[in-house]
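Down below is the structure, laid out as structure tokens.
Every number in this text was worked out from the coordinates using simple rules, so none of it is lab data. Since we're looking at a predicted model, the values are computed, not measured. Positions of Cβ are generated from backbone atoms using ideal geometry, with glycine treated the same way; all protein chains shown enter the neighbour counts.
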2 protein chains.
Amino acid sequence: MREPRSEASRVRRVADRGRYDSDTIHSILDAALVSHVGLVSGGRPIVLPMLHGRDGDALYLHGSVASRLQRTLAGGVDVCVTATIVDGLVFARSTFHHSMNYRSVVVLGRAHAVEGDEKVRGLRTIAEHLTPGRWAESREPNPAELRQTSVLRLPIDEASAKIRTGGPIDDDVDIDLPVWAGVLPFATGWGEPVDAGDLPPGVDPSAAVAALRSH
Amino acid sequence: MREPRSEASRVRRVADRGRYDSDTIHSILDAALVSHVGLVSGGRPIVLPMLHGRDGDALYLHGSVASRLQRTLAGGVDVCVTATIVDGLVFARSTFHHSMNYRSVVVLGRAHAVEGDEKVRGLRTIAEHLTPGRWAESREPNPAELRQTSVLRLPIDEASAKIRTGGPIDDDVDIDLPVWAGVLPFATGWGEPVDAGDLPPGVDPSAAVAALRSH
């Protein structure tokens with residue numbers, strides 16, 4: 001168990017749910033489809049969904065935050081990247097002890113826009129995070145497309161995770177109340193692929209798409 | 001289509017995806033299991049997952065942000081509440097036109113802690129958001145539990161939604177590249193209920209839990 005790097009990243013509310021080891025933090029980031037990126041704009045908080053991908057201890061971010069703050073990004077921008085995966089609803093006998101099983105990560109730090117080769121590497125990291133193998137199947141970005149794209153890099157340094165698992169923890173006095181208690185797992189998966197309207201006949205889903213569905 | 005209430009809540013990146021009507025904003029908030037709440041703490045952004053529930057034009061929030069900022073909440077706190085639902089991955093022939101189908105809402109404003117009857121109403125709103133009918137099945141919070149619980153109220157006033165639907169939009173020159181393009185829908189649902197370890201024999205999942213699974 002790694003110690004938190006700062007007070008700001010210390011898990012406050014239920015301390016025993018906090019985790020600081022890299023394996024835990026990385027695995028949650030890798031499993032989350034989207035993250036929510038917070039920043040301060042004009043003194044006010046803004047939170048926007050972004051796509052991300054991890055390369056070792058670096059998190060690459062792609063999305064609207066980058067274009068929104070394009071002008072201020074040269075010197076970097078303080079961000080908080082939070083990713084949450086819901087695993088289930090926890091039903092207790094009392095409303096008070098109802099809860100949610102989840103895994104979440106908070107990464108704090110200063111994000112910088114990247115250019116050139118690292119921008120391409122960041123885009124590939126984000127694409128491969130969502131669908132391993134897809135980068136090689138599709139046409140790589142050309143210079144004009146790269147100019148229209150912003151990629152941010154954030155070191156995964158000041159980070160913490162929170163995980164809740166297991167059933168409800170009811171007060172002893174409530175155990176015999178005549179109401180069901182337990183966990184309803186939240187299940188996710190991929191549906192049937194839908195061809196693009198302009199797909200020529202006879203083109204089947206690619207290996208990367210098929211592999212994603214089989215997981 | 002309602003006009004945005006402020007420049008801060010205007011959707012920037014792809015303007016034609018922006019929506020400002022209450023029905024759209026409410027339906028996304030109602031469908032999202034969790035939201036991500038951003039605030040400014042010591043000049044830096046913090047984003048934490050929270051549970052929410054909507055009562056008309058009011059959003060109630062429950063979770064760690066409240067306890068973290070307990071002392072500053074008397075005067076209210078500027079927050080940004082963002083909820084995102086992933087609907088699918090969009091595969092294009094070019095990496096550049098890959099995208100995600102999603103629905104997201106951003107609500108900006110000043111959240112205040114609520115007490116007394118409104119705290120109970122807020123908790124009930126949040127509980128019923130997650131599982132309609134569950135409040136009446138479980139033991140209501142007692143005064144000691146209410147003192148340990150923080151609920152924030154945020155008016156849904158300065159808000160915007162973004163929605164992407166449909167297939168990839170490839171450049172004409174890429175249409176005949178020999179690679180599959182289309183959408184892989186992201187599917188979610190509820191698994192089999194897992195009884196609490198201390199559940200007495202013969203107690204079946206309640207009507208509210210069964211109804212949630214049947215949706």
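When the charge dipole of the stretch A:91-181 is built from unit charges on Cβ atoms (+1 for Lys and Arg, -1 for Asp and Glu) and taken about the Cα centre, the candidate among A:TYR102, A:PRO141, A:VAL173 whose Cα reaches farthest toward its positive end is A:PRO141. The P(r) of the protein assembly as shown has a tail past 39 Å containing 20 percent of all C-alpha pairs. Among A:PHE186, B:PHE96, the order by Cβ neighbours within 10 angstrom, fewest to most, reads A:PHE186, B:PHE96.
Take the alpha carbon gyration tensor of the stretch B:123-172, find the square roots of its eigenvalues, order them as a ≥ b ≥ c, and report rounded if a/c is under 1.5; if not, report prolate when a/b exceeds b/c, else oblate. Present the calculation step by step, with values, prior to reporting the outcome.
Numbers: a/c = 4.52, a/b = 2.44, b/c = 1.86.
Here the stretch B:123-172 falls in the prolate category.
Put in order of Cβ neighbour count within 10 Å, fewest first, the listed residues B:THR24, A:THR125 become B:THR24, A:THR125.
Once backbone amide H atoms are built at 1.01 Å from N, B:SER41 has B:ILE46 as its partners under 5 Å, excluding neighbours fewer than 5 places away on the same chain.
Each of B:MET50, B:MET100 was scored by other Cβ atoms within 10 Å of its Cβ. Arranged with the fewest first, they read B:MET100, B:MET50.
In chain B, one over the average inverse separation of all distinct C-alpha pairs is 19.7 Å, which is the Kirkwood hydrodynamic radius.
Tell me the mean residue ellipticity at 222 nm calculated for chain A from its helices only (DSSP H runs of n ≥ 4, each -39500 (n - 2.57), averaged over every residue, nearest 500). Don't jump to the answer; show the numbers that get you there.
Working: 6 runs with 47 residues, N = 215.
After summing the helix terms and dividing by the residues of chain A, the value is -6000 deg cm²/dmol.
Think of the protein assembly as shown as having a plus end and a minus end, set by charges on the Cβ of Lys, Arg, Asp and Glu; of B:ALA31, A:SER35, A:VAL194, A:SER35 sits farthest toward the positive end of this dipole.
Altogether, the Stokes-Einstein calculation at 20 °C and 1.002 mPa s, with the Kirkwood radius of the stretch B:73-194 over Cα pairs as Rh, returns a diffusion coefficient of 116 µm²/s.
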